[in-house]
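Here is the structure we will look at, set down as structure tokens.
The values are calculated or read from the model by the stated rules, or taken from the named source; none is laboratory data. What you see is a predicted model, and the numbers here were worked out from it, not measured in a lab. Neighbour counts run over all protein chains shown; Cβ positions are idealised from the backbone, glycine included. Just so you know, the surface numbers come from the protein's heavy atoms only, side chains and all, with ligands and any DNA or RNA stripped out. Shrake-Rupley method; radii C 1.70, N 1.55, O 1.52, S 1.80 Å.
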Number of protein chains: 6
Amino acid sequence: MTETLDLLRRVATATLSAQLHKRGYRDVSIEGVATNLPGTRLVGVARTLRLIPYRPDLFERHGGGYNAQKRAFDSLRPGEVLVIEARGERAAGTLGDVLAARAAYLGAAGIVTDGCVRDATAVAAIGIPTYAAAPHPALIGRRHVPWETDVTVACGGAAVQPGDIIAGDDDGVLAIPPHLAQEVARAALAQELEERFISEMVSRGEPIDGLYPMNPAWRERFATWRRRQSDVEDQ
Amino acid sequence: MTETLDLLRRVATATLSAQLHKRGYRDVSIEGVATNLPGTRLVGVARTLRLIPYRPDLFERHGGGYNAQKRAFDSLRPGEVLVIEARGERAAGTLGDVLAARAAYLGAAGIVTDGCVRDATAVAAIGIPTYAAAPHPALIGRRHVPWETDVTVACGGAAVQPGDIIAGDDDGVLAIPPHLAQEVARAALAQELEERFISEMVSRGEPIDGLYPMNPAWRERFATWRRRQSDVEDQ
Amino acid sequence: MTETLDLLRRVATATLSAQLHKRGYRDVSIEGVATNLPGTRLVGVARTLRLIPYRPDLFERHGGGYNAQKRAFDSLRPGEVLVIEARGERAAGTLGDVLAARAAYLGAAGIVTDGCVRDATAVAAIGIPTYAAAPHPALIGRRHVPWETDVTVACGGAAVQPGDIIAGDDDGVLAIPPHLAQEVARAALAQELEERFISEMVSRGEPIDGLYPMNPAWRERFATWRRRQSDVEDQ
Amino acid sequence: MTETLDLLRRVATATLSAQLHKRGYRDVSIEGVATNLPGTRLVGVARTLRLIPYRPDLFERHGGGYNAQKRAFDSLRPGEVLVIEARGERAAGTLGDVLAARAAYLGAAGIVTDGCVRDATAVAAIGIPTYAAAPHPALIGRRHVPWETDVTVACGGAAVQPGDIIAGDDDGVLAIPPHLAQEVARAALAQELEERFISEMVSRGEPIDGLYPMNPAWRERFATWRRRQSDVEDQ
Amino acid sequence: MTETLDLLRRVATATLSAQLHKRGYRDVSIEGVATNLPGTRLVGVARTLRLIPYRPDLFERHGGGYNAQKRAFDSLRPGEVLVIEARGERAAGTLGDVLAARAAYLGAAGIVTDGCVRDATAVAAIGIPTYAAAPHPALIGRRHVPWETDVTVACGGAAVQPGDIIAGDDDGVLAIPPHLAQEVARAALAQELEERFISEMVSRGEPIDGLYPMNPAWRERFATWRRRQSDVEDQ
Amino acid sequence: MTETLDLLRRVATATLSAQLHKRGYRDVSIEGVATNLPGTRLVGVARTLRLIPYRPDLFERHGGGYNAQKRAFDSLRPGEVLVIEARGERAAGTLGDVLAARAAYLGAAGIVTDGCVRDATAVAAIGIPTYAAAPHPALIGRRHVPWETDVTVACGGAAVQPGDIIAGDDDGVLAIPPHLAQEVARAALAQELEERFISEMVSRGEPIDGLYPMNPAWRERFATWRRRQSDVEDQ
């Protein structure tokens, strides 16, 4: 798995999305969220937290003290990404700087919520990649009751299970079923090599026609180029 | 509880909503759904079904055969209302006429989904009150995987637990925490008696000022009216 | 004005909208509302009520007792239409059956709110045309503070002033500036006569080409038809 | 084709949607529209009209007189359904009663627009099934320029080509690629027979488990039932 | 008041929001707006401007010349924040660089609009904190008529009165009722001290459990830490 | 035309929007898109690409190989802006870094799509101004079929024709009918000169009253200022 995660760190979510699409996984992107650290790549293993809508009796029993939200953050392990189901609610926070700091201390790889982030500037300063719908100053209790951890959740329109591989960059975030992760990562790397070649050709003025996607002639030139690349990289 | 349910059948959701609001329960209405049987009142005890977003691997394991959706309908008992968490998704059905017929056969009181209904005309003909976001012809598998039953769900922005009391009419649907049901039902009945008096006065041309809400003078006249009412109803 | 209101009762909002459009009034329809009495025409003179977002201190001072909402309903005069600014809020009522009954008693012509209606079934039974975004059981105080009456309001994206002429049917509701009402009503009547002729021709199988809009040949035939119509109607 | 259209008239869109889904056609429903004639089935062959956003110069050249909208309606043939691309715009009409009457006179099977309908009550009275986002009194020129006919359009999120088979009922409307129409219609009929059997069993109190979908034992009973059905229907 | 404003400048909106929430003020955040100067804190006293939907006759009388919008900007005093009610309209500007420059010259503390900003880059260069829904090039007259100043307004779903205290940072903007400002500011400062301590503990690896919120043992350690802090800060 | 384009590069979209508004062109801004290169001005001549909703048969015939999307990019000429109709779809990309690189190589002035951009970071690095609804990792085929080029399109609610002049900055993007471009550009330059003067006066503390818009006295001072400006600029 470590090797797969390393591979995933080297490929764009756009490429991973294409490889997943090809395998019938068309709804694996977490929609409507954006990163707080543009330019940073996120790769990790999903842990989950599920919030439910606010109700006084449920909040009284489950909202205070060492609630599910806090237990979720406190139990993060290195390389994990906490994925929070917040029903796309844009009128309340789902975490703040204290919990983000705890996640960072524990070596978590990142946080993804389809709700909002409080203390957004402080959270960004902590440096843990956090994807959210927006910043918002309100407490979680304005709209949510922290409910349970480590269950399958819906986040930004995608199903996410504990153990899924989460991959994010500035384009967005994907939840990759673990049984596909290695295969998809390798195929994505191969695709990116092709696209590097194509980009190089485009930058020399080659037209798209025949090149993207590559016709047999270009495939042959690509094979040569790839061999040369390997030689260079082997030196 | 039977007595409470009987009381609830006699009061409007508008009145129940007011009584719940007064007790701090302001977010207990299931938003964005409408009834398929205008003029019909719905009262029953919540059972729940949770759907998660479609993903091929999860659908393969959980979507077919005797899935959570079918188990939920098959296990309904008289007087129950199945509440379905569908994330407000308006591009797929969450039940059709076969399952609605099963619910009706089992004596269920109704169905509430914040997703859509297939075969909407056939479902209405079955005569079981069904609140949904809209009709839609698509299979559940276009957007959902049937996931689990008898857990706390989010439906139309409200938290709903198995055992909650569900009350609906043309204004909408409420999820009433069971510990409040009796108290709220009684207070609602009392409030409706007041409003019946007020309406009668309004229909005679009395101005709102002082009457709604009632000032001491009107309260006194109401007390007299109420006694006379009881006498009439006792005969 | 009475004569103008009578004329307006005889023309469709679609025709009035066209005449207003022609005069540069393109944003006079109140969007996102629907009637509770399909098939009923609404014509009257605007009175207004402005709600503002809920806040505890403001609600305490302005929300209870004989508030702006109740003063607005209590002061309606025959033929008036109460137009309520509710910011398109779909999670709370803005009036219920008691206030609708008072409006009906006072001879008001109708109610328009871009928020919701409580006790929607009871309100419809009262028989006063009420245009709203949706039914909803919640009290006004879930989202609003009744604020002031008889000011210019925004309702469904249109500006409405006390004294504007409100005209509605199943297509929607328009706010007509009073200085344009007579001119627009007359032009709409003339247009509807033309369209009646055109419809008659279409029902006889005449193609749209040349007829709608009418070319000179059709205009001539229309002139003849109109004279005959008048003769018939004069008898 | 006539035979296929006849078959399609006998099956629900819910069943057709299921059959199309099975064949990989998951995005063929026209979203966000509703019928003006509940209980009426729509089946026909698509013709198309494309509107573009209003701009004064384009409207001057293309909006008036015998424009694309009017040419589209005037050229409808028996059994055709006019599908209008209106970008889901809810603030302007895309047709009114004169054009609907022309379509009805020409024997068109129906109209589908993801925009609005003017004179909605008059259009319903004409009796031609019309699916639209909502009624609206405003002229097409408030938001649109009638642009071209008989091209591929986007309507309610679905691609529709002239010649596609349009099938609608209260659940919604589907655009069926013509090469699939016969196959899908037949498979849908077969599926509905199964569901009729299942519904009958459910109405007798049979549980869903094993019955829906049918296990081998139920399949056998179904085979017997189907033979008996055929016998009955053959008499 | 000056002292209170100074206190408010030292606390985050997330903390203020928590303190207001605790006192029942849960709907005081102005939703859907973002700052043009990330990292800048906004604190000031509200002045207000109310826009209504565009209509030709109203615009002709109220839209041109020295209109309500211009009077509002021209009358700003040092430390004031102009809050503009624009109904969340995203298709027109509500101010541009000239008016922003005037506000800055007069020493205003900031601008908040739930509509858009024209010349957004120039406005940001002026350096006055401006919270808006988005940039947009269109004139105010595309959607609005400048209507009145110094009245209670609705902005981003919150009620705002002249004299309210406006506090903003990257998380969003709050409208604080003046009678609560001092109390809330002090409580927020106390809360932030606690959170500083908790953050310090988290950064040393302490678990959330028992620390956030603090149990008695941690409360004691916090008391010690606070005394030491004061000593350090007193030196 | 080159001269007009040069003029347009010197004026803000806010000013152009005002000049177009004055001439009745109120709906020429492409709504809901933002630039990837803040601070960069975009001016060029429109080319167009129209996407339609995904459907398997249409994608098979039109989606692969040298499709309309690729032909559009491959045929761009210096100074052109590719405008893509993507129906505001936020769940799929409409271009990625390879095509953006090709556009840049060919000297295109920019790209505008009301859909999303894949590889958004790489596209920004290429340095070609690209206005889009958002970044998104998914392939175009998740939602679209590349359909046709060089036709009139709808983009962000505006009609855009090949040959229109596209002008963008941080406020947004406008589509200017070519016959108005020169006139509007000149009038905008004149207006900006006035606003420069007004801004200078505002920065000296002059009130808005009488100055913005200018009364006769200020107009005179402006005339003097303008002469002095010209003298300075002539030296």
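Points worth noting:
- The calculated 222 nm mean residue ellipticity attributable to helices in chain D amounts to -12000 deg cm²/dmol, summing -39500 (n - 2.57) over DSSP H runs of n ≥ 4 and dividing by all residues.
- A Gaussian network model of chain B, with springs between Cα atoms under 10 Å, assigns the largest mean-square fluctuation among B:G205, B:G163, B:G63 to B:G205.
- Placing pseudo-labels 7 Å out from each Cα toward the beta carbon at B:A34 and D:L189 gives an inter-label distance of 3.5 nm.
- Taking a sphere under 13 Å around the Cβ of C:A124 and counting the other residues whose Cβ falls inside, with K and R at +1 and D and E at -1, yields a net charge of -4.
- Sites E:R9 and F:M214 - FRET efficiency at Förster radius 41 Å, r taken between beta-carbons, to 0.05: 0.60
- Ellipsoid semi-axes in whole angstrom, largest first, where each is sqrt(5λ) of the Cα gyration tensor of the range C:26-176: 21, 16, 15
- The base-10 log of I(q)/I(0) for the protein assembly as shown, evaluated at q = 0.07 Å⁻¹, reads -0.81 [Debye formula, identical scatterers on Cα atoms, solvent excluded].
- Phi-derived couplings, Karplus 6.51 cos²θ - 1.76 cosθ + 1.60 at θ = phi - 60°, listed residue by residue for the range A:113-123: 9, 8, x, 10, 10, 8, 6, 4, 5, 5, 4 Hz, with x used for Gly and Pro.
- Peptide-level mean, for A:223-229, of C-beta atoms on other protein chains within 10 Å: 0
- Of all DSSP bridge pairs formed entirely within the protein assembly as shown, close to 60 percent run antiparallel.
- Magnitude of the charge dipole for the range C:26-176, about its Cα centre and with charges confined to Cβ atoms of Lys, Arg (+1) and Asp, Glu (-1), is about 360 debye.
- When the residues A:T224, C:T48 are ordered by accessible surface, computed with a 1.4 Å probe over the protein chains alone, the sequence from largest down reads A:T224, C:T48.
- Helix D:13-22 vs. chain D, principal-axis angle (Cα, 0 to 90°, nearest 10): 80 degrees
- Accessible area per residue was computed with a 1.4 Å probe on protein heavy atoms; F:D27 scores about 40 Å².
- Rounded to 5, percent antiparallel among DSSP beta bridges of chain D: 60 percent
- Exercise: per-residue mean of other protein chain Cβ atoms within 10 Å, B:133-144: 6
- Candidates E:L16, E:L42, E:L189, ranked by Gaussian network fluctuation over chain E, Cα under 10 Å, top entry: E:L189
- Considering only chain D, the C-beta nearest to the rotation axis that sends D to F is found at D:R87, 4, the distance in whole Å.
- Candidates per trypsin sites (Lys or Arg not before Pro) in the range B:149-235, loop by DSSP, up to 12 other Cβ within 10 Å: B:R204
- Taking every protein chain into account, the 1.4 Å probe leaves F:H62 with about 70 Å² of accessible area, to the nearest ten.
- FRET E, pair E:R77, E:R23, Förster distance 30 Å, beta-carbon r, rounded to 0.05: 0.55
- The calculated FRET efficiency for A:Y66 paired with E:T224, based on their beta-carbon distance and R0 = 30 Å, is about 0.85.
- A dipole drawn for chain C from +1 and -1 charges on Cβ atoms has a positive end, and of C:V117, C:T224, C:L20 the residue lying farthest that way is C:V117.
- Peptide E:42-55 shows a mean partner chain C-beta count of 3 within 10 Å per residue C-beta.
- Between amide H atoms placed 1.01 Å from N, distances below 5 Å from E:D164 occur with E:A46, all of them 5 or more places distant or on a separate chain.
- Cα-based reach from A:K22 at 25 Å (exclusive), listing lysines while leaving out same-chain residues under 8 positions away: D:K22, F:K70
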